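Below: one structure, written as structure tokens.
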Amino acid sequence: MSQDFLFQAVIYLLAAVVAVPVAKRAGLGSVLGYLLAGVVIGPSVLNLVGQVEDVQHVAEFGVVMMLFVVGLELRPSLLWRLRGPILGTGSAQVVFTAAGVTGLGLLCGLAWPVALTVGLTLAMSSTAIVIQSLAERGVLNTRGGQACFSVLLFQDIAVIPILAVLPWLAEINGGSAGHGGGAEAHGHESALAHLPPWAQTLSTIGAVVAVVIVTHYFLRYVFRYVAASKLREMFTVVALLVVAGVAWLMHLVGLSAALGTFIAGVVLAESEYRHQLEADVEPFKGLLLGLFFIAVGAGLNLGLVAAQPGLIASLVIGLVGVKFLVLLLLGLGFRLGAGSSLLFACALAQGGEFCFVLLGMGGQLGLLTPDVSAPLSAAVALSMTLTPLLLIVNDRLIQPRFAKLTPKREADAVESHDNPIILAGFGRFGHIVGRLLQANGFGVTVLDNDPDQVEMLGRFGLRSFYGDASRADLLAAAGAEKARLFVCAVDDEAKSLEIVDLVQHEFPHLRILARAVNRNHAYELIKRGVSDFRRDTLGSALDLGTDVLRAMGFRAHRAVRATELFRCYEEESVRELAEHASGDQATYISMARQHLENLESVFRQDLKRHHLDTEDAWDTAGPKET
Amino acid sequence: MASRVLILFAHPALHRSRINAALMEAVQGMEGVTFRDLYEEYPTLHVDVETEQELLLEHDVIVWQHPFYWYSAPALLKEWQDVVLEYGFAYGEGGTRLVGKRVLSALTTGGPEEAYQKTGYNRFTMRELLAPFAQTSFLCGMEYLEPFIIHGVRGLTAEQVQEWAQRYRARIAALVAGD
Ligand SMILES: Cc1cc2nc3c(=O)[nH]c(=O)nc-3n(C[C@H](O)[C@H](O)[C@H](O)COP(=O)(O)O)c2cc1C
């Protein structure tokens with residue numbers, strides 16, 4: 001490993017560690033922290049990092065992973081519901097923004113093909129910044145958030161035809177471009193370049209269909225097989241392999257890798273491995289995305305800004321201004337309501353990572369001269385840095401006004417993955433609890449770490465997710481932050497206690513209800529302050545005991561009463577003995593024996609007590625003399 | 001025309017019963033009579049409303065047979081009334097399904113007959129104390145018949161118990177016959 005690499009790694013990580021927590025604490029959000037860290041270590045300030053572009057290429061994989069995770073959280077049914085906003089709002093945004101910017105370009109004296117290129121380029125927004133910022137605020141599932149998401153998704157799709165159109169524009173402009181075609185059009189070599197256009201289209205569609213089919217039908221077996229090996233890191237490896245594989249395939253056919261992994265994510269959103277996948281990919285996504293933001297910051301050419309402050313400032317203002325206005329009008333036009341429209345406009349009013357790609361392409365094709373593309377690049381980077389600030393203004397100054405007017409509006413469209421109950425362990429015990437809850441209309445997120453069990457129950461239409469509930473990240477992915485109850489129904493004592501400890505530590509707001517597999521387990525739960533527990537064999541043993549009593553001639557109701565009395569005593573005794581369980585062994589044993597004897601006397605007393613049949617004196621009972 | 005009689009019997013500790021056990025035996029297996037032991041059906045007090053309502057619809061006379069506990073019925077019979085006599089079924093809007101049926105209270109008391117007088121230590125007559133049962137029947141459009149009451153049951157001799165059992169059987173037979 002070269003020393004230089006290590007030095008670079010140290011610089012990047014250090015910058016993140018220093019800047020991000022500070023930014024977050026100051027209420028600026030992590031994105032701004034990364035961007036600022038990037039600016040500081042970049043060539044314009046400290047100049048500690050070398051080739052920013054290289055890092056940026058690696059880091060773009062973070063954006064790809066982010067869309068995979070976004071896809072995982074979006075069921076196909078929800079995506080289908082969003083088709084209107086994606087096609088309607090999304091296309092309107094691209095068309096109107098491009099038109100507005102092109103118009104400004106023409107006014108500034110650009111030739112029309114150049115102006116149109118700039119317009120199409122700047123219509124793009126930053127998926128990475130917007131989604132990360134909205135997710136951090138927890139508004140991704142609101143109306144405004146979903147509108148943003150829809151537009152971003154449409155842009156991801158729109159990039160493809162835009163890339164195809166650029167060479168053609170270059171030709172009209174009389175530039176040096178060769179014949180338009182896949183190869184140049186996609187910036188990176190497409191493996192399909194030599195094919196005729198119809199075959200290219202067919203292969204592209206074929207690739208997407210292949211991704212859907214393989215992910216939907218085939219991957220579950222791979223996951224299951226790997227999960228059964230019980231090697232935790234293998235699952236992570238497979239998860240990363242899926243993301244990388246899909247990204248590579250999409251690249252190969254000239255599609256956006258982010259779009260491809262997004263589709264794979266959506267398909268897997270229905271899978272029982274969803275939460276585990278999310279938990280495994282999440283840290284990589286976070287890391288790479290952070291790196292991506294730093295790279296964007298480092299790529300900001302402050303020298304240029306200093307040299308032409310007036311030009312850059314007017315470009316930024318023009319860019320943000322036009323986008324903001326178009327978005328605001330669209331939001332109102334599509335009836336998002338004023339509050340959501342403003343969020344929508346603030347969030348998407350910037351250039352995005354695609355702008356860099358498109359500007360680069362434009363340069364290569366001779367469409368854009370450096371004196372056009374360099375200031376635009378700087379303006380785009382600056383507009384990206386402005387977004388977190390705009391969102392803060394929106395949070396603090398704009399939204400509070402609407403909060404009072406329309407109190408519940410934003411919450412409407414929330415997709416309720418946010419179940420109030422998390423159930424760990426969906427085996428012979430847990431599935432009964434789970435079914436009872438579901439039958440009574442409670443949403444339950446079920447986790448189980450036996451892939452076969454998950455598979456089997458899935459065949460009977462019971463939804464559960466594969467995953468190890470003793471991992472904090474997995475619990476977080478399963479929605480532990482928002483849940484209210486945690487039901488621990490795993491069959492292994494040590495595992496159960498590990499999970500209880502973790503939940504108490506990481507998610508103290510969750511009320512825990514637990515299955516105890518034996519007396520000792522019960523004692524341990526009591527020691528941890530978990531008083532809502534049930535010993536797993538007690539209930540059914542008492543039920544059978546009741547049946548035996550009936551078979552011996554007890555009347556049904558009498559048998560039930562006898563059983564209930566026994567249960568009360570039994571539960572009382574466990575709680576009393578718990579205090580002595582961890583102490584001196586001899587005391588515990590003598591206590592336990594004492595309780596057994598007590599039990600006998602309870603029964604003898606019960607026989608004497610003759611429920612409902614004491615020597616009644618109803619024939620002689622007068623009111624007491626006073 | 002013969003009536004179909006449904007006896008709803010509620011005794012939480014039949015293994016200790018003397019009189020009700022005898023009454024129960026006397027009417028067992030009678031033609032036109034359905035005997036339903038509620039505590040045996042619902043030992044956990046979870047009453048199946050649908051089944052009970054269907055049974056009501058299939059009969060013309062309903063008998064509430066029970067020992068007199070704290071001037072009322074044992075808990076399960078009250079639970080039965082609470083959940084089975086639903087709004088829209090037994091009373092209220094559309095609640096006409098029981099109209100025209102007849103109701104008999106058949107009960108046994110520890111206290112002697114004299115005690116159930118204004119001047120006795122129970123201070124109220126049986127008719128007064130049974131007002132909730134009578135009014136429940138009335139609201140459901142059912143006729144509340146003259147109750148069948150055995151007083152001072154502890155003092156009964158074995159023969160007297162048998163006599164009462166036969167009298168009970170005769171009363172039920174008369175209901176089946178339609179008077
Ligand atoms: C809990 C309880 C409450 C009772 N309340 C009364 C009462 O209010 N008035 C009364 O006369 N007898 C009362 N008794 C006496 C019962 O009515 C009497 O024991 C019963 O009718 C005997 O019937 P059996 O032999 O079938 O059990 C009560 C008995 C019990 C156990």
- Among the residues of the stretch A:340-359, the number that are at pLDDT below 85 and farther than 18 Å from A:G90 by Cβ is 2
- Task: Filter the stretch A:431-442 down to residues that are within 26 Å of the chain's Cα centre (by Cα) and farther than 19 Å from A:V490 by Cα and give me whichever is least open to solvent (accessible area, probe 1.4 Å).
- Result: A:G441
- Residues of the stretch A:472-505 being under 16 Å from the mean Cα position of the chain (by Cα) and either under 20 Å from A:D452 (Cα atoms) or in contact (Cβ under 8 Å) with a residue 60 or more places away in the chain (or both), which ones? A:D473, A:L474, A:A476, A:A477, A:A478, A:G479, A:K482, A:A483
- Within the stretch A:1-92, which helices (runs of 4 or more DSSP H) (wholly inside it) include 1 or more residues that are touching a residue at least 60 places away in the same chain (Cβ under 8 Å) and over 23 Å from the mean Cα position of the chain (by Cα)? A:3-25, A:30-41, A:52-72
- Message: Any residue that is in contact (Cβ under 8 Å) with a residue 60 or more places away in the chain and closer than 17 Å to B:L23 by Cβ - is there at least one of those in the stretch B:107-130?
- Response: yes
- Pick from the stretch B:16-32, criterion at pLDDT below 95 and closer than 16 Å to A:A556 by Cβ, ranking: nearest to the ligand (Cβ to nearest atom): B:S17
- Message: Can you report the number of residues in the stretch B:113-125 which are within 14 Å of the ligand (Cβ to nearest atom) and either open to solvent by 30 Å² or more (accessible area, probe 1.4 Å) or touching a strand residue (DSSP E or B) at 6+ places or on another chain (Cβ under 6 Å) (or both)?
- Response: 7
- Examine the stretch A:547-558 for a residue that is over 38 Å from the mean Cα position of the chain (by Cα) and of a type in the set (V, I, T), and state whether such a residue exists. yes
- Note on the structure: Picking from B:A73, B:A13, the residue that is small (G, A, S), within 11 Å of the ligand (Cβ to nearest atom), under 23 Å from B:L130 (Cα atoms) and within 11 Å of another protein chain (Cβ to nearest Cβ) would be B:A13
- Message: Here's a check for you: in the stretch B:58-70, which residue that is touching a Phe, Trp or Tyr at 6+ places or on another chain (Cβ under 9 Å) and within 14 Å of chain A (Cβ to nearest Cβ) is farthest from the ligand (Cβ to nearest atom)?
- Response: B:H66
- Has the stretch B:136-150 got at least one residue that is within 11 Å of the ligand (Cβ to nearest atom), closer than 23 Å to B:K78 by Cα, open to solvent by less than 30 Å² (accessible area, probe 1.4 Å) and within 14 Å of chain A (Cβ to nearest Cβ)? yes
- Qualifying positions in the stretch B:35-54 - away from chain A (no Cβ under 14 Å) and either within 27 Å of B:G111 (Cα to Cα) or in contact with a Lys or Arg (Cβ under 7 Å, 6 or more places away or on another chain) (or both): B:F35
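Checking the conditions here, which among A:A269, A:A228, A:A244 is within 15 Å of the chain's Cα centre (by Cα) and among the aliphatic types (A, V, I, L, M)?
Details: A:A228 fails: within 15 Å of the chain's Cα centre (by Cα); A:A244 fails: within 15 Å of the chain's Cα centre (by Cα).
Unique residue meeting the criteria: A:A269.
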- Go through the stretch B:123-179 and give me each residue that's more than 13 Å from the chain's Cα centre (by Cα), closer than 14 Å to B:V63 by Cβ and small (G, A, S). B:A170, B:A173, B:A174
- Go through (1) within 12 Å of the ligand (Cβ to nearest atom); (2) without any contact (Cβ under 8 Å) to a residue 40 or more places away in the chain one by one and return the number of the condition B:V49 breaks. (1)
- Check B:G88 against each of (1) open to solvent by 30 Å² or more (accessible area, probe 1.4 Å); (2) within 24 Å of B:L55 (Cβ to Cβ); (3) touching a residue at least 12 places away in the same chain (Cβ under 8 Å) and name the one condition it does not meet. (3)
- Task: Among the numbered conditions (1) farther than 25 Å from A:I589 by Cα; (2) away from chain B (no Cβ under 13 Å), tell me where A:G553 comes up short.
- Result: (2)
- Query: Of (1) within 14 Å of chain A (Cβ to nearest Cβ); (2) surrounded by fewer than 17 Cβ atoms within 10 Å (Cβ to Cβ); (3) of a type outside the set (A, V, I, L, M, F, W, C), B:E128 satisfies all except one. Which?
  - Reply: (1)
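Which members of the stretch A:30-52 meet the condition of being out of contact with any Lys or Arg (no Cβ under 8 Å at 6 or more places or on another chain), under 21 Å from A:K285 (Cα atoms) and crowded, with 23+ Cβ neighbours inside 10 Å? Spell out the reasoning first.
At the first step, the residues of the stretch A:30-52 found to be out of contact with any Lys or Arg (no Cβ under 8 Å at 6 or more places or on another chain) are A:31-32, A:34-52.
Adding the requirement that they be under 21 Å from A:K285 (Cα atoms) leaves A:31-32, A:34-38, A:52.
Scanning the stretch A:30-52 gives A:V31, A:L32, A:Y34, A:L35, A:A37, A:G38.
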- Only listed residue being assigned to a helix (DSSP H, G or I) and within 30 Å of A:D452 (Cβ to Cβ), chosen from A:F284, A:F354: A:F284
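The values are calculated or read from the model by the stated rules, or taken from the named source; none is laboratory data. Since the model is a prediction, treat every value here as computed from it, not as a measurement. Cβ: placed from backbone, ideal geometry, glycine included. Neighbour counts: every protein chain shown. These area figures cover heavy atoms from the full protein model, side chains too; ligands, DNA and RNA do not enter into them. Shrake-Rupley method; radii C 1.70, N 1.55, O 1.52, S 1.80 Å.
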